[in-house]
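The block underneath contains the structure these notes are about, expressed in structure tokens.
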Amino acid sequence: MPHIAFIGECMLELSGAQPGTVFGAAKLGFAGDTLNAATYMARTSRLLDPASIKCASYITALGTDAYSNAMIEAWQSDGIATDLVRRIDGALPGLYTIQTDADGERSFSYWRDQAAAKQVLGGGHDAQIRDSFGRFDGFYLSGISLAILSPDDRQKMIALVADYANKGGKVYFDTNHRPRLWSGDQTAMDIYRAIALFCDTVLPTFDDDAALFGDKSAQETGQRWLEAGVREVIVKSGGDPTYWCNKDGQSGFVTPPVITEIVDTTSAGDSFNGAFLAARSHGQSVEGAISIAQKVAGRVICRHGALVDISDLELG
């Protein structure tokens with residue numbers, strides 16, 4: 001079973017119990033785009049093969065507080081390896097809140113300026129990550145993984161990715177673009193293009209890339225990434241068909257199941273990505289893996305929060 005390392009930020013998640021309200025009962029959990037993807041890779045892998053264990057590692061930085069300890073324990077219980085989590089005395093995880101409207105669309109507020117994850121490559125931890133490359137069959141990161149870092153550490157991350165790819169490793173990337181995390185659109189585009197040179201598979205969301213790059217269609221998004229040096233592109237488009245293409249000239253659309261009762265779209269794209277990687281790791285074709293990923297994402301958006309139970313989901 002291939003083992004993929006996911007790197008980025010996990011935060012405390014505070015989600016309101018009643019859509020459309022700010023104050024009142026709320027649920028405290030945790031989530032982060034790359035952590036979500038790692039979790040759904042692990043959970044989908046177990047659905048495809050109950051014997052699947054330790055298919056994902058998570059790389060981040062946390063404090064030594066009770067919240068950080070609880071996060072690590074939860075990840076381990078999901079079968080995610082945590083030996084590359086950097087622990088920093090006195091640091092804390094970031095916090096975000098979710099508000100959802102009656103249609104399930106979400107909005108976020110963040111408290112992350114001092115989050116421990118921003119220091120994931122500090123203290124020589126980048127060297128420790130590099131020394132662990134031989135354990136991994138894939139390396140997954142997102143635009144958020146890059147955006148939260150200082151400019152110097154972004155260059156360290158690009159160097160890490162380049163070293164891994166040049167040694168034959170497969171790099172997976174989702175722009176997951178969040179404008180408020182970047183100093184400007186041009187900076188983000190420059191960094192994404194730098195990463196693209198080393199990526200095997202990119203899994204963007206069309207709306208994100210269209211807003212940043214001006215793409216007019218999913219096909220245009222796919223072609224742009226291929227021209228940037230990527231081997232394979234999977235373009236997510238919410239309830240519209242998922243478009244895929246590759247360097248061999250193959251392409252197509254996969255229509256997702258119709259979801260009528262959307263509760264919360266948090267982690268829709270992340271769960272898709274994790275499930276897609278799990279399905280590909282279990283020998284599914286590109287279109288078969290997309291179909292499985294669509295089913296997992298469809299379950300996720302029918303529940304509150306980023307991390308939901310999929311143990312009874314039928315993937316056949």
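Could you tell me whether ASP209 is under 20 Å from the mean Cα position of the chain (by Cα), more than 28 Å from ALA51 (Cβ to Cβ) and not aliphatic (A, V, I, L, M)?
Details: under 20 Å from the mean Cα position of the chain (by Cα): yes; more than 28 Å from ALA51 (Cβ to Cβ): yes; not aliphatic (A, V, I, L, M): yes.
Against the criterion (under 20 Å from the mean Cα position of the chain (by Cα), more than 28 Å from ALA51 (Cβ to Cβ) and not aliphatic (A, V, I, L, M)), ASP209 qualifies.
Are any residues in the range 27-38 among the aliphatic types (A, V, I, L, M) and either surrounded by fewer than 16 Cβ atoms within 10 Å (Cβ to Cβ) or without any contact (Cβ under 8 Å) to a residue 12 or more places away in the chain (or both), and if so, which ones?
LEU28
In the set ARG86, ARG46, which member is farther than 23 Å from ILE148 by Cα, surrounded by 17 or more Cβ atoms within 10 Å (Cβ to Cβ) and either in contact (Cβ under 8 Å) with a residue 24 or more places away in the chain or among the acidic types (Asp, Glu) (or both)?
Checking each option against the conditions leaves just ARG46.
Looking at the range 184-202, is at least one residue in contact with a helix residue (DSSP H, G or I) (Cβ under 6 Å, 6 or more places away or on another chain), closer than 21 Å to ALA61 by Cα and at pLDDT 95 or above?
no
So which of LYS170, LYS118 is over 27 Å from SER237 (Cα atoms), among the basic types (Lys, Arg), surrounded by 14 or more Cβ atoms within 10 Å (Cβ to Cβ) and modelled with pLDDT of 95 or more?
LYS118
Conditions: (1) within 29 Å of HIS3 (Cβ to Cβ); (2) modelled with pLDDT of 95 or more; (3) of a type outside the set (Asp, Glu). PRO151 meets all but one. Number of the miss?
PRO151 satisfies all of (1) within 29 Å of HIS3 (Cβ to Cβ); (2) modelled with pLDDT of 95 or more; (3) of a type outside the set (Asp, Glu) except (1).
Among the residues of the range 51-87, count how many are among the hydroxyl-bearing types (Ser, Thr, Tyr) and assigned to a loop (DSSP other than H, G, I, E, B).
4
Out of all the residues in the range 90-100, is one or more part of a helix (DSSP H, G or I) and either over 25 Å from THR187 (Cα atoms) or of a type in the set (S, T, N, Q) (or both)?
no
Quick one: is GLY63 surrounded by 14 or more Cβ atoms within 10 Å (Cβ to Cβ), over 28 Å from GLY238 (Cα atoms) and in contact with an Asp or Glu (Cβ under 8 Å, 6 or more places away or on another chain)?
When the stated conditions are applied, GLY63 passes them.
What are the residues in the range 147-180 that are touching a Leu at 6+ places or on another chain (Cβ under 9 Å) and aliphatic (A, V, I, L, M), if any?
Hits for the range 147-180 are ALA147, ILE148, LEU149, MET157, ILE158, LEU160, VAL161, ALA162, ALA165, VAL171.
Matching residues to (1) of a type in the set (Val, Ile, Thr); (2) surrounded by 21 or more Cβ atoms within 10 Å (Cβ to Cβ):
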| position | (1), (2) |
| --- | --- |
| TYR110 | no, no |
| GLN114 | no, no |
| ASP137 | no, no |
| SER150 | no, no |
| ILE158 | yes, no |
| VAL161 | yes, yes |
| ALA165 | no, no |
| MET189 | no, no |
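Got a sec? Which of ALA42, ALA5 is closer than 24 Å to GLN294 by Cα and either polar (S, T, N, Q) or touching a Cys at 6+ places or on another chain (Cβ under 9 Å) (or both)?
Matching residue, one of ALA42, ALA5: ALA42.
The values are calculated or read from the model by the stated rules, or taken from the named source; none is laboratory data. All of these numbers come straight from a predicted model, not from anything done at the bench. Note that each Cβ is placed from the backbone with ideal geometry, even for glycine, and that neighbours are counted across all protein chains shown.
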